[in-house]
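Notes follow once the structure below has been shown.
Every number here is computed from the coordinates shown, using simple stated rules; none is lab data. Remember, predicted model here, so these are calculated numbers, not experimental data. Cβ sites come from the backbone with ideal geometry, for glycine too, and all protein chains shown count toward neighbours.
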Amino acid sequence: LGQSTVIYSKPNAGKTLLTLWMLIRAIERGDINGDDVFYINADDTHKGLVFKLKLARAHGFKMLAPGYRDFKAEHLPLYLRRLTDSGTARGKILVLDTTKKFTDLMKKDLVSAFAETVRQFVLHGGTTVMLAHVNKHRGEDGKLIYSGTTDLPDDADCAYTLDIVTEDPERLRTVMFECFKSRGDVAGKA
């Protein structure tokens, strides 16, 4: 809480599933208030959106999607500034699935401006969890390489990659979160 975190992985590695699962568990434990969670689903099919909306309703958090009820992805910085300016950012948790729908990760100036808006939201007590993708090819060390300019991880408090470690035919998958940037008290690996 009170940080800006970005999680990078390949498509279908499980970042959405795990983020939703961790949110639901935190709400059930009473660690966070579901009324303060805004999950912005900008990377789903209609069927997936409806299913996740049912999860949100059942667990008391808000699910937003661009194109519904006049919500537009390009207006997100304006909404964040309103929360910051009105003093209501404190305790709010914002999940962006996926971040590329809110800024062009390949354009340094746009990412930098977006990251500054996120920084102000966090400085006023908000929390962001931004989900993003990695490049198709791994680095020489075999590790995932995040997609886009360095500005998003540079300006975030924490940055993780999420990689598939093992997968068996029963569809049991083991994944690893690996922190490559940390300004907070967070796990290096999980």
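Of all the stretches in the chain, which is the longest one without any exposed loop site, taking chymotrypsin sites (Phe, Trp or Tyr not before Pro) in a DSSP loop (any state but H, G, I, E, B) with at most 16 other Cβ atoms within 10 Å?
Longest site-free region, per DSSP loop and neighbour criteria: 72-190.
Add -39500 (n - 2.57) for each DSSP H run of 4 or more in the chain, then divide by its residues: what number comes out at 222 nm, to the nearest 500 deg cm²/dmol? Let's see the in-between values first.
Numbers: 5 runs with 61 residues, N = 190.
When only DSSP H runs of four or more count, the value is -10000 deg cm²/dmol.
If you take the square roots of the eigenvalues of the alpha-carbon gyration tensor of region 34-81 and sort them as a ≥ b ≥ c, do you get rounded (a/c under 1.5), prolate (a/b over b/c) or oblate?
On the way: a/c = 2.66, a/b = 1.28, b/c = 2.08.
Oblate.
Grab the Cα-Cα distance for residue 123 and residue 179, subtract it from 0.36 nm times how many residues apart they are, and report the gain in nm with one decimal.
Numbers: separation 56, 0.36 × 56 = 20.16 nm, distance 2.15 nm.
Going from the current span to full extension adds 18.0 nm.
Just in region 115-167: which trypsin sites (Lys or Arg not before Pro) are loop by DSSP and have at most 14 other Cβ atoms within 10 Å?
Filter output for region 115-167: 136, 138, 143.
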Cut-off of 10 Å, at most 14 other beta carbons, DSSP loop: longest stretch of the chain lacking such GluC sites (Glu not before Pro) | 1-139
All other residues with a Cβ under 12 Å from the Cβ of residue 58 taken together, and with Lys, Arg as +1 and Asp, Glu as -1, what is their net charge?
-> +2
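Considering only the other residues whose Cβ falls under 12 Å of the Cβ of residue 159, what net charge follows from Lys and Arg at +1 and Asp and Glu at -1? Present the calculation step by step, with values, prior to reporting the outcome.
Numbers: positive: 181, 183; negative: 151, 154, 155, 157, 178.
Spelling it out: positives minus negatives among the neighbours equals -3.
Semi-axes of the equivalent ellipsoid of region 1-65: what are they in whole Å, largest first, if each equals the square root of 5 times a C-alpha gyration tensor eigenvalue?
Working: eigenvalues 68, 51, 22 Å².
Gyration-tensor ellipsoid for region 1-65: 18, 16, 11 Å.
May I ask for the net charge around residue 145, where only other residues with Cβ less than 12 Å from the Cβ of residue 145 are counted and Lys, Arg are +1 while Asp, Glu are -1?
Working: positive: 10, 136, 138, 143; negative: 140, 141, 163.
Neighbourhood net charge equals +1.
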Using 0.36 nm per residue, how much length does the chain from residue 81 to residue 165 gain when fully extended, once their Cα-Cα distance is taken away?
-> 26.3 nm
Label-to-label distance, nm, for residues given as residue 59 and residue 136 (7 Å Cα→Cβ offset) = 3.4
How fast does region 114-190 diffuse by Stokes-Einstein, in µm²/s, taking the Kirkwood radius from C-alpha pairs at 10 °C and 1.306 mPa s?
-> 112
Work out Dmax and Rg for region 39-135 from the C-alpha atoms and quote the Rg first, both in angstrom.
-> 13.6, 39
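Taking Rh as the Kirkwood radius computed over C-alpha pairs, what is the Stokes-Einstein D of region 57-190 at 4 °C in a medium of viscosity 1.567 mPa s, expressed in µm² per second?
Values: Rh = 16.6 Å.
Stokes-Einstein gives a translational diffusion coefficient of 78 µm²/s.
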